[in-house]
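Undergrad: Got a structure for you, questions after.
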Amino acid sequence: MSILFGKLTLAALPHEWFTIAGTIFITIMGIAVVAFLTHKKLWKWLWKEWLTSTDPKKIGIMYIIVASLMLFRGAIDAGMIWLQQSLSVGVSNGYISPNHFQQIFTAHGDIMIFFVTMGFLAGLWNLILPLQIGSRDVAFPFLNTLSLWLYIAGAIFVNLFFVLGGEFAATGWLALPPLSELQFSPGVGVDYWIWSLQISGLGTLLGGINFLVTILKMRAPGMTLMKMPMFVWTSLCSMVLVVSIFPILAATIALLTLDRFMGMHFFTTSFGGNPMMYISLIWSWGHPEVYVLILPAYGIYSEIVATFSQKRLSGYGSVVAGSIGITLLALLVWLHHFFTMGAGADVNAFFGIMTMFITVPTAALVFNWLATMYKGRIRFFTPMDWFVGFVFTFTLGGMAGVLMGIPGVDFQVHNTLYLVAHFHTMIIGGALFGIFAGITYWFPKATGFTLNERLGRYAFWCWIIGFFASFVPLYILGFMGATRRLDHYEASTGWQPLFIVAGVGLIIIACGALFQVLQIIVSIKQRKQNIDKTGDPWNGRTLEWAIPSPPPVYNFAIIPKVTERDQFWADKASKQTAKQVYEDIHMPKNTALGIYTSGFIFLFGFAMVWHIVWLAIVGLLGAISCVIIRSFDEDTEYVIPADEVAKMEAERKSFYG
Amino acid sequence: MKTKTKIAAIILPAVLLFFLLFLLAGHSNWSLLNPKGPIAQQERNLMVVGISLMLIVVVPVFILLFTFAFKYREGNKAKYAPNQRHSTKFQLLLWAIPTVIILILAVINWKSTHQLDPFKPLISNVKPITIQVVSLPWKWLFIYPEQNIATVNFVEFPQTTPVNFQLTSDAAMNSFWIPQLGGQMYAMAGMSTQLHLMASAPGSFAGSAAEISGQGFSGMKFTAKAVTNSDFDSWVKSVQARRTPLGLAEYNKLAAPSSNNPPAFYSSTDKNLYNNIIMKYMMPTQGIQ
Ligand SMILES: [Cu+2]
């Protein structure tokens, strides 16, 4: 049996109430979806039009859907964390065991970073980057679908223990050794953690390479680097970071895997192993990762503030320089995550000062956004609301962060709820608000109709008020000496009321999320009223607004020529229209090999978790075979003839008038 | 919503919330703002200086943000200059202001980091006391090599006397923290780190394990008690009189996982226990498991 199933025995199957509840929930949802698709006879359509698609616009939408589902999962974790911390005081031990609690906050962190924020961003990159650079596609269409499916495989992996048994890591989101070594974490939880990150991380790395090449090689003629829209610039910075740091993550986790799987001693406490090495390595990925998440958001805000102020972005060159400066500095500060490990004053002070210097380029960005609003004519649609909310929140969070750049202060707030509040301010108030702003802003481009403004505004207010109600108490708790990840504390600490206030904030945020769901449903129902016939609902400035919404499969019937920074804005001012001479368009064919490859990699990871040797071999060989098959496939493109393009364009014109 | 009401809607609830939380929290519980020793005192002052310097930039940002949002909203028909370009001078100014403030902070950072280096012994006329700290699953063991006693989840020392904590772990990594006396330091197996603290007056201070180290780490709390010299001497004598030695067998039992341990006191220990615990990760040692 053990040859067939490895360590996967009946005893490993779900037997705790939360895994059983998870199993039931996932099964019911699964059955419902399958029944719906079968009833409506949608399988073929789903497979041909969506799952196997190489169209970045569709891939982008699939990313965003999966990220939204994962946001739901991560939010439930947040609620469970809060409930335990509000209840487990003094004589009460709350409603879950310490081990379960630790699994929840570990999963919460990983899901929110790897599968929510990264997923949303990958979605926006796919949807918007090719349009903004005037391209019909990304550089490597197959790699793109593979990235998506590796991301989805990772997302399933992180939830797999619900259905197949075992547990998740109870180590904190970075699984720091020695706690994550076999000696202290003998279960499969850390292995699930390892393989969900390895698989999705591979997808991120491939995606990073893909978009890096896309931005560098596939821009429309005339679009020099200094004519690129800001979102393209900051995304480029983000990609540079991705390709620099994700190999570090992969290697670090691989070494941990060798420790756990082959009994090696890279990071153990004994036999010459050194856990400090892992901590340094993982943070040299982990700190820049924060900037992978936040830089694209800076770009989104730059687009939004210029569009809605109806004014050119102030200090473009300065903002570009600032973004590059942030990118470089991001690689030089990771040690601030372990000032308390005893590195010595010189080293600590160096990294502390480097950390503070990130403020300089960041402040240049903020000032330029403000200067863009100055003498603008600001239209307050929801994306602009998110922008204002962001500047307010982010500035406060940034201040909290710079403070931690002083080692003497960090010694006191390290590992406290102050730190937790700080990075939530940056990731929610910075990256997530930016994502929401971006989704609202580009929604009409992707779908052809705008989102309901009123519900969007309700969602915004719930999020911003809920955010402060949730996280100001955590800052205060930090000052009260409350460390993070506590499943229990004494009543004499006086922390309980603050935890409860934080929970109320969480409920307000949940209302915000509910309004967002409602907003989408209502907007779809009212799509006829909110239709965007112009392709340019916000009086935009960049190329994506020059084409119809939703864009045709080939994006641009004629590849635009770029002479200006805000090309579309300039075109609108000069009222010039290019002559319409259509040519044959080459587009990538759909392929299912991305799904198959990631399926085999998924099997490989699963086999590694449960030590099923034969399955690991099958998975590995299968994945390699798929890639080989793909590389010998010459027939990967199809052609839309010029007269067909002309016909499609004419049809569109007559439809939209 | 009108922009004016909007701005009020942001600021008012924020201010109210802060006051409410302030009341809820009760100021005396803010341990980081109530230091009881010179290190924590300096660390708190650093926070105050840091925040004040940054507010020089942050406050204008807020004022400009809300003023511009209000003044240049579409309905207000203020001056509109869609193609306005800012001069290079203006850009240089934007970079210069934060640079100056960060340079000031950098100097403060460099100086304070060297001053507050946890490895640096405190300057004092009083002879310091050494206490060796071992992070165990899930309790803290304190060894007094000079007094030849040991305690669990309770540490006592004389006031206004520098305390030299030496830290290691005989399990996963941990972080040793007494907020009212000063910042944390990691305790790691096979290594010895240092933390120098001092209490300026008698008192009992909460201590905790700040880094996740497994199942029972939430309960890994201890009390740090600062007392007068004579009280300390009599306390040491009372512990020495207890006839509860910490031999190897007792240590191995103590080092096995257990949660929420009450304070315990040992009348004598092996002089080399701390070093042996570290050395066992370097080479096999007899007796220690
Ligand atoms: Cu960092």
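Undergrad: To the nearest 0.05, what FRET efficiency results for A:Arg454 and B:Ser234 with a Förster distance of 60 Å applied to their C-beta separation? Can you show the working numbers first?
TA: Working: r = 73 Å, r/R0 = 1.21.
It comes out at approximately 0.25.
Undergrad: Follow-up. Take the alpha-carbon positions of segment B:31-179, form their convex hull, and give its projected area averaged over all directions (one quarter of the hull surface) in nm². List each step's numbers first, then the result.
TA: Working: hull surface 60.3 nm².
Directional mean of the projected Cα hull area for segment B:31-179 stands at 15.1 nm².
Undergrad: Over segment A:532-586, what number does the Rg to Rh ratio reach, with both radii from the alpha-carbon atoms and Rh per Kirkwood? Walk me through the numbers on the way to the answer.
TA: On the way: Rg = 11.5 Å, Rh = 12.1 Å.
In segment A:532-586, Rg relative to Rh is 0.95.
Undergrad: Let me ask something else. Over the Cα atoms of the protein assembly as shown, Rg to Rh with Kirkwood Rh, two decimal places?
TA: Working: Rg = 29.3 Å, Rh = 29.7 Å.
Radius of gyration over Kirkwood radius for the protein assembly as shown works out to 0.99.
Undergrad: Inverting the mean 1/r over all pairs of different Cα atoms, compute the Kirkwood radius of segment A:82-158 and quote it in Å. List each step's numbers first, then the result.
TA: Details: mean 1/r = 0.0648 Å⁻¹.
Kirkwood radius, segment A:82-158: 15.4 Å.
Undergrad: Follow-up. Set the Förster distance to 30 Å, then compute FRET efficiency between B:Ser267 and B:Asn125 from the Cβ-Cβ distance, nearest 0.05. Mind showing how you got there, number by number?
TA: Working: r = 31 Å, r/R0 = 1.03.
My answer for the efficiency is 0.45.
Undergrad: Let me ask something additional. Mind listing which chymotrypsin sites (Phe, Trp or Tyr not before Pro) in segment A:573-657 are in a DSSP loop and have 10 or fewer other Cβ atoms within 10 Å?
TA: Numbers: sites: A:Tyr582, A:Tyr596, A:Phe600, A:Phe602, A:Phe604, A:Phe606, A:Trp610, A:Trp614, A:Phe632, A:Tyr638, A:Phe655, A:Tyr656; in loops: A:Tyr582, A:Phe632.
Passing both the DSSP loop test and the Cβ count: A:Phe632.
Undergrad: How many times 2.2 N^0.38 Å is the alpha carbon radius of gyration of segment A:74-212? Walk me through the intermediate numbers first.
TA: On the way: Rg = 18.0 Å, N = 139, 2.2 N^0.38 = 14.3 Å.
In units of the globular-protein estimate, segment A:74-212 measures up at 1.25.
Undergrad: Right, here's the next one. With label points built 7 Å along Cα→Cβ from the Cα atoms of A:Leu182 and A:Met587, find their separation and express it in nm.
TA: 5.3 nm
Undergrad: Could I ask something else about it? For the peptides B:259-272, A:444-457, what is the packing order when you average, over each peptide's residues, the other Cβ atoms within 10 Å and list the highest mean first? Please list the in-between numbers first.
TA: Numbers: B:259-272: 15.9, A:444-457: 20.6.
Order by mean packing, descending: A:444-457, B:259-272.
Undergrad: Just how far, in whole angstrom, is segment A:86-128 from segment A:286-355 if you go by their alpha carbon centroids?
TA: Centre-to-centre (Cα) distance: 25 Å.
Undergrad: Cross-link candidates for A:Lys647: which lysines have Cα within less than 18 Å, leaving aside residues fewer than 8 places away along the same chain?
TA: Excluding near neighbours in sequence, the set is A:Lys579.
Undergrad: Convert 20 °C to kelvin, take the viscosity as 1.002 mPa s, use the Kirkwood radius over C-alpha pairs of segment A:147-282 as Rh, and evaluate the Stokes-Einstein diffusion coefficient in µm²/s, rounded to a whole number. Write down the numbers at each step before the final one.
TA: Details: Rh = 16.6 Å.
My calculation gives 129 µm²/s for D.
Undergrad: Shielding of B:173-182 by partners, i.e. mean partner chain Cβ atoms within 10 Å per residue?
TA: Rounded to a whole number, the mean comes out at 4.
Undergrad: Please compute the length gained on full extension between A:Lys44 and A:Ile558, using 0.36 nm multiplied by the number of residues separating them and subtracting their Cα-Cα distance. The partial results should precede the final answer.
TA: Details: separation 514, 0.36 × 514 = 185.04 nm, distance 3.18 nm.
Computed gain between A:Lys44 and A:Ile558 is 181.9 nm.
Undergrad: For segment A:97-141, divide the Cα radius of gyration by the Kirkwood radius and give the resulting Rg/Rh value with two decimals. Walk me through the numbers on the way to the answer.
TA: Details: Rg = 16.9 Å, Rh = 12.7 Å.
When Rh is taken as the Kirkwood radius, the ratio is 1.33.
Undergrad: Determine the calculated [θ] at 222 nm for chain A from helices alone, applying -39500 (n - 2.57) to every DSSP H run no shorter than 4 residues and normalising by the residue count; nearest 500 deg cm²/dmol.
TA: Result for chain A, helices only: -22000 deg cm²/dmol.
Undergrad: Using the number of other C-beta atoms within 10 angstrom as an exposure proxy, rank B:Lys127, A:Lys533 with the fewest first.
TA: Details: B:Lys127 8, A:Lys533 13.
Fewest to most other Cβ atoms nearby, the residues stand as B:Lys127, A:Lys533.
Undergrad: Follow-up. Once the Cα gyration tensor of segment A:381-500 is found, what semi-axes does its equivalent ellipsoid get, as square roots of 5 times the eigenvalues, in whole Å, sorted largest first? Could the numbers behind the result be given before it?
TA: On the way: eigenvalues 221, 53, 21 Å².
After scaling each eigenvalue by five and taking roots: 33, 16, 10 Å.
Undergrad: Rounded to the nearest 0.05, what FRET efficiency is calculated for A:Thr224 and A:Ile324 with R0 set to 25 Å and r the Cβ-Cβ distance? Walk me through the numbers on the way to the answer.
TA: Working: r = 16 Å, r/R0 = 0.62.
Rounded to the nearest 0.05, the efficiency is 0.95.
Undergrad: In nanometres, what is the gap between the two model label sites at A:Met29 and A:Met648, each 7 Å from Cα along Cα-to-Cβ?
TA: It is 3.4 nm.
Undergrad: Which net charge results for the neighbourhood of A:Gly201, defined as the other residues with beta-carbon distances under 14 angstrom from its beta-carbon, given Lys and Arg at +1 and Asp and Glu at -1?
TA: Result for the local shell: -2.
Undergrad: So, one more: Distances longer than 13 Å among the Cα atoms of segment B:106-161: what percent of all pairs is that?
TA: Roughly 70 percent, rounded to a whole number.
Undergrad: How long are the semi-axes of the equivalent ellipsoid of segment A:504-633, defined as square roots of 5 times the Cα gyration tensor eigenvalues? Whole Å, largest first. Walk me through the numbers before you get to the answer.
TA: Numbers: eigenvalues 364, 175, 36 Å².
Rounded to whole Å, the semi-axes are 43, 30, 13.
Undergrad: Give me the Å³ per residue figure for the convex hull around the C-alpha atoms of segment B:74-142.
TA: Details: hull volume 20.1 nm³, N = 69.
Cα convex hull per residue, to the nearest whole number: 292 Å³.
Undergrad: Would you mind giving the mean number of other chain beta-carbons within 10 Å of the Cβ of each residue in A:263-269, as a whole number?
TA: Numbers: counts 0, 0, 0, 0, 0, 3, 11.
That average works out to 2.
Undergrad: For chain A, what is the relative contact order in percent, using Cα pairs closer than 8 Å and at least 6 residues apart in sequence?
TA: Numbers: 1031 pairs, mean separation 113.1, N = 657.
Over chain A, the number comes to 17 percent.
Undergrad: If one takes the longest principal axis of the Cα atoms in chain A, at what angle in degrees, from 0 to 90 and to the nearest 10, does the Cα axis of helix A:189-217 lie?
TA: That works out to roughly 30 degrees.
Undergrad: With θ set to phi - 60° and the Karplus curve 6.51 cos²θ - 1.76 cosθ + 1.60, what are the ³J(HN,Hα) couplings of segment A:395-401 in order, to the nearest whole Hz, using x for Gly and Pro?
TA: Those phi angles translate into 5, 4, x, x, 4, 4, x Hz.
Undergrad: What is the mean number of Cβ atoms from other protein chains located within 10 Å of the Cβ atom of each residue in peptide A:169-177, rounded to a whole number?
TA: For this peptide, the per-residue mean of nearby foreign Cβ atoms is 2.
Undergrad: So for segment B:168-289, what are the equivalent ellipsoid semi-axes in whole Å, largest first, each being the square root of 5 times an eigenvalue of the Cα gyration tensor? Could you put the intermediate results ahead of the total?
TA: Values: eigenvalues 116, 84, 41 Å².
They are 24, 20, 14 Å, listed largest first.
Undergrad: Moving on to the next point. Give the shape of segment B:154-194 as rounded, prolate or oblate, defined through the alpha-carbon gyration tensor: a ≥ b ≥ c are the square roots of its eigenvalues, a/c under 1.5 means rounded, and otherwise the shape is prolate if a/b is larger than b/c and oblate if not. Could you put the intermediate results ahead of the total?
TA: On the way: a/c = 2.33, a/b = 1.89, b/c = 1.23.
In terms of gyration-tensor shape, prolate.
Undergrad: Here is a further query. Please report, in whole Å³, the volume per residue of the convex hull around the C-alpha atoms of segment A:245-327. Mind dumping the intermediate values first?
TA: Values: hull volume 7.5 nm³, N = 83.
About 91 Å³ per residue, rounded to a whole number.
Undergrad: Here is a follow-up. What is the projected area of the convex hull of the Cα atoms of segment A:595-644, averaged over all directions, in nm²? Let's see the in-between values first.
TA: On the way: hull surface 16.8 nm².
Result: 4.2 nm².
Undergrad: Which angle between 0 and 90 degrees, to the nearest 10, do you get for helix A:453-479 versus the longest principal axis of chain A when only C-alpha atoms count?
TA: Tilt relative to chain A: about 30 degrees.
Undergrad: If I stretch the segment between B:Ser87 and B:Ser52 completely, what's the gain in nm (0.36 nm per residue apart, minus their alpha carbon distance), one decimal? Write down the numbers at each step before the final one.
TA: Working: separation 35, 0.36 × 35 = 12.60 nm, distance 3.01 nm.
Between B:Ser87 and B:Ser52, full extension yields an extra 9.6 nm.
Undergrad: What do you get when you divide the Cα radius of gyration of segment A:339-398 by 2.2 N^0.38 Å, with N the number of residues?
TA: Working: Rg = 17.1 Å, N = 60, 2.2 N^0.38 = 10.4 Å.
Normalised Rg, Cα atoms only: 1.64.
Undergrad: While we're looking at this one, here's another question. Could you sort the peptides B:138-149, B:56-67 by per-residue average Cβ neighbour count (10 Å cutoff), highest mean leading?
TA: Values: B:138-149: 21.4, B:56-67: 16.1.
Top to bottom by mean Cβ count within 10 Å: B:138-149, B:56-67.
Undergrad: What per residue convex hull volume, in Å³, do the alpha-carbon atoms of segment A:451-582 yield? Provide the component values of the computation, followed by the final result.
TA: Numbers: hull volume 25.3 nm³, N = 132.
Per-residue hull volume (Cα only) is 192 Å³.
Undergrad: Stretched out fully, how many nm does the piece from A:Ile629 to A:Lys525 gain, at 0.36 nm a residue minus the Cα gap?
TA: Values: separation 104, 0.36 × 104 = 37.44 nm, distance 4.36 nm.
Gain on extension, A:Ile629 to A:Lys525, equals 33.1 nm.
Undergrad: Kindly point out which whole DSSP H helices in chain B project their C-alpha atoms 18 angstrom or further along the helix axis while averaging a Kyte-Doolittle hydropathy of 0.5 or above. Kindly include the intermediate steps, with their values, before the conclusion.
TA: Numbers: long enough: B:3-25 (33 Å, 2.13); B:38-71 (49 Å, 1.57); B:88-115 (40 Å, 1.02).
Flagged H segments are B:3-25, B:38-71, B:88-115.
Undergrad: Could you give me the radius of gyration and the Dmax of segment A:417-478, taking only the C-alpha atoms into account and expressing both in angstrom?
TA: 14.3, 46
Undergrad: Another question, then. Please report the projected area of segment A:481-537's Cα convex hull averaged over all directions, in nm². Don't skip to the answer; put the middle values down first.
TA: Details: hull surface 27.5 nm².
Dividing the Cα hull surface by four gives the mean projection, 6.9 nm².
Undergrad: Further, regarding this structure: Using the per-residue mean of other Cβ atoms lying within 10 Å as a proxy for protection, in what order, highest first, do the peptides A:364-372, A:346-354, A:417-425 fall?
TA: Working: A:364-372: 24.6, A:346-354: 20.9, A:417-425: 22.9.
Output ranking for A:364-372, A:346-354, A:417-425: A:364-372, A:417-425, A:346-354.
Read-outs throughout are calculated quantities, based only on the coordinates presented, and are distinct from any laboratory measurement. If you're wondering where the values come from, they're calculated on a predicted model, not measured in any experiment. Every residue, glycine among them, receives a Cβ derived from its backbone with ideal geometry; neighbour counts consider all protein chains shown.
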